[in-house]
Amino acid sequence: MSYAEVLPVKATAPSEPKLSGDVFGALINLSGRRRFTSQRVVLYSVLASLGHEGADKTARDTLASFKDAHVTLVQGKQGLPGIFCPQLQDAYFGNLQGDKVVRDFIALSENTLDAIAGSSPRAPALLDELVRSATPLLSVLNALTLVYEEQSKRHALLQRRQMQDLMGDIKTIARQARMVAFNAQVVAARAGPVGKEFAVVASTMTNVTGEIDELVQTALAGSLTY
């Protein structure tokens, strides 16, 4: 089965990808790894053409790793969401044509290694084409990684805003609870001895809302400086 059969022409993003800081870290790392492995494929293809022992196997193993990383990033795999936003969809299948560039490199690498292994007269020309493709490929891979980094920053900003909104809601509830507790203390004081136990409860409630306020302030400060 060829690589083109494994990878569809267009990926379908999941409707509700489970994104988190850890997931973005894994996506960025995987995308960055493609840059390293692509250059390693070219290097060991050159070494294979020079007859270095084990170079062909290293090149093919590295190419398999490169291919797997790309399929994972496009289709999703092992908890990673694949293409999950319009920006990535455009980067892979729009103007940048990232998916096509990567698939063309994989096909060229496979043909080059097969030609070298078979001592084909086409091997030198294919190897030259592979070497020349390395620089433009690296430019595309850098651009793709940048999209992941930008999406990670946007996600972190959204998370901070959601945290601030949540803390704001908690702060409002705490303020309302504090008012209720204060009114309860007033009522307990007017009730005299009968309201003594109720006064203790109201006082505790006041202390609790004060602690909530302090926790909210700490959480808000942390989200603003994150």
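What follows draws every value from the coordinates through simple rules; no lab data is involved. No experiment lies behind these values; they were computed from the predicted model shown. A quick note on method: Cβ atoms are made from the backbone with ideal geometry, for glycine too, and the neighbour counts reach across all protein chains shown.
Assign one of three labels to the range 26-129, namely rounded, prolate or oblate, based on the Cα gyration tensor with a ≥ b ≥ c the square roots of its eigenvalues; rounded applies when a/c is under 1.5, prolate when it is not and a/b is larger than b/c, and oblate otherwise. Cα axes put the range 26-129 in the prolate bin. Between the amide H of Leu19 and any residue lying 5 or more places away or on another chain, no distance stays under 5 Å, with hydrogens modeled in the peptide plane. Across the range 67-82, rounded Karplus estimates of 3J(HN,Hα) from the backbone phi angles (6.51 cos²θ - 1.76 cosθ + 1.60, θ = phi - 60°) give 4, 4, 4, 5, 4, 4, 5, 8, 9, x, 5, 6, x, 8, x, x Hz, Gly and Pro being marked x. Estimated at 0.36 nm per residue, the fully extended path between Leu157 and Ala189 surpasses their Cα-Cα distance by 6.8 nm.
Computed from the C-beta positions of Ala117 and Lys77, the FRET efficiency with R₀ = 30 Å rounds to 0.55. Could you compute the FRET efficiency for Asn95 and Ala125, with r as their C-beta to C-beta distance and R0 at 35 Å, rounded to 0.05? Computed FRET efficiency for Asn95 and Ala125: 0.75. Backbone phi angles across the range 128-145, fed through the Karplus curve with coefficients 6.51, -1.76 and 1.60 (θ = phi - 60°), yield HN-Hα couplings of 4, 5, 5, 5, 5, 6, 4, 5, x, 4, 4, 4, 5, 5, 5, 5, 5, 4 Hz in residue order; Gly and Pro are listed as x.
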